[in-house]
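The values are calculated or read from the model by the stated rules, or taken from the named source; none is laboratory data. Quick caveat, the model's predicted, so the values are computed rather than measured. Positions of Cβ are generated from backbone atoms using ideal geometry, with glycine treated the same way; all protein chains shown enter the neighbour counts. Areas reflect the complete protein model, heavy atoms only, side chains present, ligands, DNA and RNA absent. Shrake-Rupley method; radii C 1.70, N 1.55, O 1.52, S 1.80 Å.
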Amino acid sequence: MERAENKIEIIERLKQQILSMQGFKAPIAQPISTNLGSMESAFPNQIFPGGVIHEFLSPDAESAAATSGFMAVLLSQLIGQGTGPCLWIGSKRTLFPPALAFFGIQPDRIIFIDLKMDKDILWTVEEALKCDALSAVVGEISEISFSESRRLQLAVEQSRVTGFMHCFNPDKIRNTTSVARWKISPIASVLEEGMPGIGHPRWKVELIKIRNGKPGTWYMEWHTDHFKYLTKPNLVASISLEKAG
Amino acid sequence: MEKRFISIWFSHLTTDWFLLLRPELQEASFVLAAPERGRMLIKASSTPAKALGISAGMVVADARAIFPALQVFEQEPESSTKLLFALAEYCIRYTPVVALDPPDGLILEVSGCTHLWAGERLYLEDITKRLKSSGYQVRAAIADTIGTAWAIARYGHAKAIIEPGTNADALSALPPEALRLDVGIVESMHKMGFYQIKSFMTMPRSVLRRRFGQLLPDRLAQAMGELHEPIQSIKPTEPYQERLPCLEPIRTATGIEIALKRLLEALCRRLLKEGKGLRKAVLKGYRMDGNLQKVEIGTNYPTRSVAHLLKLFGLKISSIRPGLGIELFLLEAPVVEVLSLEQETLWNLSQGSENTTVVMNLLDRIGVRTGISSIHRYLPAERHWPEHTIKLSGALKEKHILPWRTDLPRPLHLLTRPELIEVTAPIPDYPPMLFRYKGKVHKVSKAEGPERIEQEWWLQKGNHRDYYCIEDENGARYWLFRLGHYDKDPQWFIHGFFA
């Protein structure tokens, strides 16, 4: 029995060692608190991994908008806790700054850098990630290769800046060093019975990959300042209710 | 900022000066004359001589006929300009911008200087008192424009200080010659019966131009402050420029770096001394074969940090082609801004501000590599047309005055240009039942709207837009609009995607 306990302890220690070797330095001074709620249990140490690269995949324009919404929610937390501004780097930007206010961000806290070539975008993202005065960096790019992602990972390991890479061409994504890979797609909103119009934004949030965490899928709804989780049966029931009505 | 000018008129410039040299002539009638077209022409006459009717422009022989005891002294050519220049240099103590106004006046730009003498009245008094005590008869006036100050100094009777914005009142009672016009124009104006500026001030300028030429409306506009009038200071501001000639032509990147560092150090030393920071710098390399190599950098905030500028230039050094070698380096700072010492230390001391500097440095590097126009920051604008609700902010520290609106639904992704879609919609004002976008048919399950957004008719013409928020059967949310009314064969567009 005693040996078994010992074993668990050793495994725990080894796990921590592995974590630190993989870029998860000792939990940072101020752990980043998010309003993600129960989803946080999927993350290593039950803390949203800040200071690493997150990858978001969007196959089409509709899910790209949903992804931007989810990223904006995360960014609002990061900006709120950091002092610096946030850089939003991409080409052919469609993001409409005033709408960020719906997700708790003052749009003037974000500096947009609109470039033409992927090469420039990657260079700029890397430079920005090296600058520890920023609270977060968002890069919009069609695809990212393994070696490019490794460069970005090395940059954030130094500066502890959180990077979001939004990839529009997920078919070409193979293997990257990013710590988390997300896919967010919109799902039909549900209104109270008899109400006209469109409800709160609802997303299916898939955490496809998370290093040292538990991948999973969540259904959630964004209410001006917090998330509401939806359990699958509830979701289906409400949809069927909608159809019945 | 409002500009203020002083015009100083030395009514007896050369004779006053001559009296300083020869005080014994105080009560004597004398004239200063210079040869012109083979005769001696009077250039200036003393006050007693003037009383006898001897004035500038007369021939000496004629004057002697009036008053045989007249003393005549020869005036050296250019002496009045030299004298004026010396007086202008003396006036530098009052303002850095002093210009000559030949033959007998000075123009001082005094914007932001008068408070050091506790107000314009004391400032003006100090100037006139000092000049008078050194022996010159002067009249001076302060006004918004050079033209008005000039007129009041020479023809004004009441007061010498014209309050900002009252140029027209001050000028109205003065004669037309107060507008610095040619003798010919003034004469013809008198013939017309224009004895005061107010009698023609309100006339259409085109009429005045037709009758009297371009000069009159120009001078009038200059006096009123409608037309800018440049002045040339006797001490031109030195351009921010450093030179480094090389003994041996430089051909390597390391060599260029060393040269650049030296130039930057010299330039930044000067900027520090003057409390300035540069926003733009150009490095020019003159090659042995006559070719000119040029690299340029820009910064987001005024800076004089050698290390930072070196880093910015470092990104560009590789684009210099030294060819056979560069023999002369020239570093120029065409755009400089005020950067006080306190500002700089403040930035470096406080925690948050240090971050700002770091971010600015990062943006500078990005700007140098990709062009400063790629960096955008937005503030809310007071307009309702969706594309125009934001405006670009030039400075990164600019705060927004208007709040960001969240009362109306706006999509998170907005297409730069709305795209045409095919729609099936019941009339009159119902949302569409289905629409085809990029070849894919979307069946609408929920809709909200319409929200009518009218054209900003004072800026552009066209149909209004009726916006609908649409959710299709897959749960994707769109922002569609119908251009114009339903019964006039409307077009439908997709404009954005909600999260």
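Here are the numbers:
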| item | result |
| --- | --- |
| Condition check for residue B:345: modelled with pLDDT under 85, within 30 Å of residue A:118 (Cβ to Cβ), open to solvent by 40 Å² or more (accessible area, probe 1.4 Å) and not in a loop (DSSP other than H, G, I, E, B) | no |
| Inter-residue pairs, beta-carbon under 9 Å, first more than 20 Å from residue B:361 (Cα to Cα) and in the range B:384-397, second at pLDDT 85 or above and aromatic (Phe, Trp, Tyr), 6+ apart | B:386/A:96; B:386/B:467; B:386/B:479; B:389/A:96; B:390/A:96; B:390/B:378; B:391/B:378; B:392/B:378 |
| Inter-residue pairs, beta-carbon under 7 Å, first under 17 Å from residue B:108 (Cα atoms) and of a type in the set (S, T, N, Q) and in the range B:145-168, second open to solvent by 10 Å² or more (accessible area, probe 1.4 Å) and part of a strand (DSSP E or B), 6+ apart | B:145/B:5 |
| Selection status of residue A:131, modelled with pLDDT under 90 and facing another protein chain (nearest Cβ under 7 Å) | yes |
| Those strands (runs of 3 or more DSSP E) lying entirely in the range B:232-320 with at least 1 residues of a type in the set (A, V, I, L, M) and within 30 Å of the chain's Cα centre (by Cα) | B:276-287, B:292-303 |
| Residue within the range A:127-136 that is more than 26 Å from residue A:150 (Cβ to Cβ), outside any loop (DSSP other than H, G, I, E, B), in contact with a strand residue (DSSP E or B) (Cβ under 9 Å, 6 or more places away or on another chain) and open to solvent by less than 10 Å² (accessible area, probe 1.4 Å) present | no |
| Top-ranked residue of the range B:457-467 - restricted to ones that are touching a Gly at 6+ places or on another chain (Cβ under 8 Å) and open to solvent by 10 Å² or more (accessible area, probe 1.4 Å), ranked as nearest to the other protein chains (Cβ to nearest Cβ) | B:464 |
| Among the residues listed as A:135, A:159, the single one being in contact with a Gly (Cβ under 9 Å, 6 or more places away or on another chain), among the hydroxyl-bearing types (Ser, Thr, Tyr) and closer than 24 Å to residue B:392 by Cα | A:135 |
| Residue, farthest from the other protein chains (Cβ to nearest Cβ), within the range A:62-77, restricted to residues that are open to solvent by 10 Å² or more (accessible area, probe 1.4 Å) and in contact with a Ser or Thr (Cβ under 8 Å, 6 or more places away or on another chain) | A:77 |
| Condition check for residue B:38: without any contact (Cβ under 8 Å) to a residue 24 or more places away in the chain and more than 19 Å from residue B:154 (Cα to Cα) | yes |
| Filtered residues of the range B:468-494 (kept if within 14 Å of chain A (Cβ to nearest Cβ), of a type outside the set (D, E, K, R) and not in a loop (DSSP other than H, G, I, E, B)) | B:468, B:469, B:470, B:478, B:479, B:480, B:494 |
| Some residue of the range A:193-203 being touching a residue at least 40 places away in the same chain (Cβ under 8 Å) and part of a strand (DSSP E or B) | yes |
| Only listed residue being open to solvent by less than 90 Å² (accessible area, probe 1.4 Å), modelled with pLDDT of 85 or more and touching a helix residue (DSSP H, G or I) at 6+ places or on another chain (Cβ under 9 Å), chosen from B:281, B:259, B:266 | B:281 |
| Any hit, the range A:71-86, residues being assigned to a loop (DSSP other than H, G, I, E, B), in contact (Cβ under 8 Å) with a residue 60 or more places away in the chain and not polar (S, T, N, Q) | no |
| Members of the range A:36-61 found to be within 14 Å of chain B (Cβ to nearest Cβ) and outside any loop (DSSP other than H, G, I, E, B), listed by number | A:56, A:61 |
| Selection within the range B:427-444 - of a type outside the set (A, V, I, L, M, F, W, C) and surrounded by 17 or more Cβ atoms within 10 Å (Cβ to Cβ) | B:431, B:432, B:437, B:442 |
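Residue-wise test of (1) among the small types (Gly, Ala, Ser); (2) at positive phi; (3) touching a strand residue (DSSP E or B) at 6+ places or on another chain (Cβ under 8 Å); (4) within 7 Å of another protein chain (Cβ to nearest Cβ).
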position	(1), (2), (3), (4)
A:84	yes, no, no, yes
A:89	no, no, yes, no
A:94	no, no, yes, yes
A:103	no, no, yes, no
A:111	no, no, yes, yes
A:119	no, no, no, no
A:125	no, no, yes, no
